[in-house]
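I have placed the structure first, in the form of structure tokens, so that the comments after it can refer back to it.
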Amino acid sequence: MTRLRDFSRQLFGREYDRSWMDHARCASVEDPDVFFPKHGQNSSRAKRYCAKCPVLTLCREYSIESEQMYGVWGGLSERERQKLIWKQRRDRRGSSDSVVGGSGQHNVELMAAEEVASYFGTQPLRTVVLPSDLFRTNESSLTGSREMPHETYQELMSGDGPSPTYVPFRNSNLLSAATSLALVIGASSVYFGAHAEDAHNWAYPDCTPEFIGAMANAIYVGSYHQVRLVTPVEWMMKRDIVKKGMALKTPYEITHSCYEGKRPACGKCPTCVERLEAFRANGLEDPIPYDVEGEVVGI
Ligand code: SF4
Ligand SMILES: [Zn+2]
């Protein structure tokens, strides 16, 4: 029972009926670590124990209700349980739409957004595509004919001024559209994932703290104080975001970053280079596949 007792201490302030724990099969297991597989290990041994446990259903319900973050419970791995916990949170909140806006150049971004929304149980996903004519310019390699830069991480970080992948004032348009939709559907927050590397040396001026402060004010005032702009990673480098995401069990394997809009990702565009470096800095391998000289690696 050590394992169950240890975890029951995490349940701050909430009362749960734990009498079923007296019949837990894992209470007598010699090696409780089996229930806490390390990153990359599989959980099938623990699941085999659970499959013959007389309190499997109660254990599963308890672990979801009490939002247990670690280990195998009720025959479910951390990742499998996380999905159900997200669904439970969503059901408690009531149904809500998610909003994604883009300039329409990469369907793969929309596919990834669908997958992430589905993973977190926030379907249906409402998609708003802004007119691409608004952003078309040969000055940008994302929306025009300018060549996509292939640089090392060090070269990227030493660059100064606008990035070749800057799209004219796009973030303000995306945030404005998201704010309008937030008001329409009754949402109170718009989340914006700009981070410190975007703002570094003014590569993307519409990701800087100066821009975010001004935009946050505009959104709050312009929405009759109904909507707040939330920027949880504004001051973080990508390597810190990867670390935080790992702790939060982010399903990185279904996310997308590549500016080329490729799946497998190109591995050479600025965002692929930054992403790979961020995983490397944490001693981790990025779980998405990359296309390296015609060969798909990393699956
Ligand atoms: S279902 Fe698995 S984790 Fe839950 S009590 Fe039984 S053996 Fe332990
Ligand atoms: Zn890429």
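In the stretch 241-263, the residues that are away from ligand 1 (no atom under 16 Å from the Cβ) reach residues that are outside any helix (DSSP H, G or I) and of a type in the set (S, T, Y) with C-beta atoms within less than 7 angstrom, at least six apart or across chains, in these pairs: Y259/T165.
Quickly run through the stretch 162-209 and pick out the residues that are of a type in the set (S, T, N, Q) and at pLDDT below 85. Steps first, answer last, please.
Quick first cut of the stretch 162-209, residues of a type in the set (S, T, N, Q) only: 163, 165, 171-173, 176, 179-180, 188-189, 201, 208.
If the condition is that a residue be of a type in the set (S, T, N, Q) and at pLDDT below 85, then S163, T165, N201 are the ones that fit.
For the stretch 80-88, the count of residues that are buried (at least 18 other Cβ atoms within 10 Å of the Cβ), away from ligand 2 (no atom under 16 Å from the Cβ), of a type outside the set (V, I, T) and over 16 Å from Y119 (Cα atoms) is zero. Taken over the stretch 124-161, the criterion of being in a helix (DSSP H, G or I), at pLDDT below 70 and more than 25 Å from the chain's Cα centre (by Cα) is satisfied by Q154 alone. Kindly check whether there is at least one residue in the stretch 264-272 that is polar (S, T, N, Q), away from ligand 1 (no atom under 16 Å from the Cβ) and crowded, with 19+ Cβ neighbours inside 10 Å. Yes: the stretch 264-272 contains one or more residues that are polar (S, T, N, Q), away from ligand 1 (no atom under 16 Å from the Cβ) and crowded, with 19+ Cβ neighbours inside 10 Å. Condition test on I219, is it in contact (Cβ under 8 Å) with a residue 12 or more places away in the chain and away from ligand 2 (no atom under 14 Å from the Cβ)? The answer is yes for I219.
Restricting the stretch 51-74 to residues that are over 23 Å from A247 (Cβ atoms) and of a type in the set (D, E, K, R), the residue that is surrounded by the fewest Cβ atoms within 10 Å (Cβ to Cβ) is K52.
The values are calculated or read from the model by the stated rules, or taken from the named source; none is laboratory data. None of these values were measured; they are calculated from a predicted model. Heads up, the Cβs are rebuilt from the backbone with ideal geometry, glycines too, and the neighbour counts pull from every protein chain shown.
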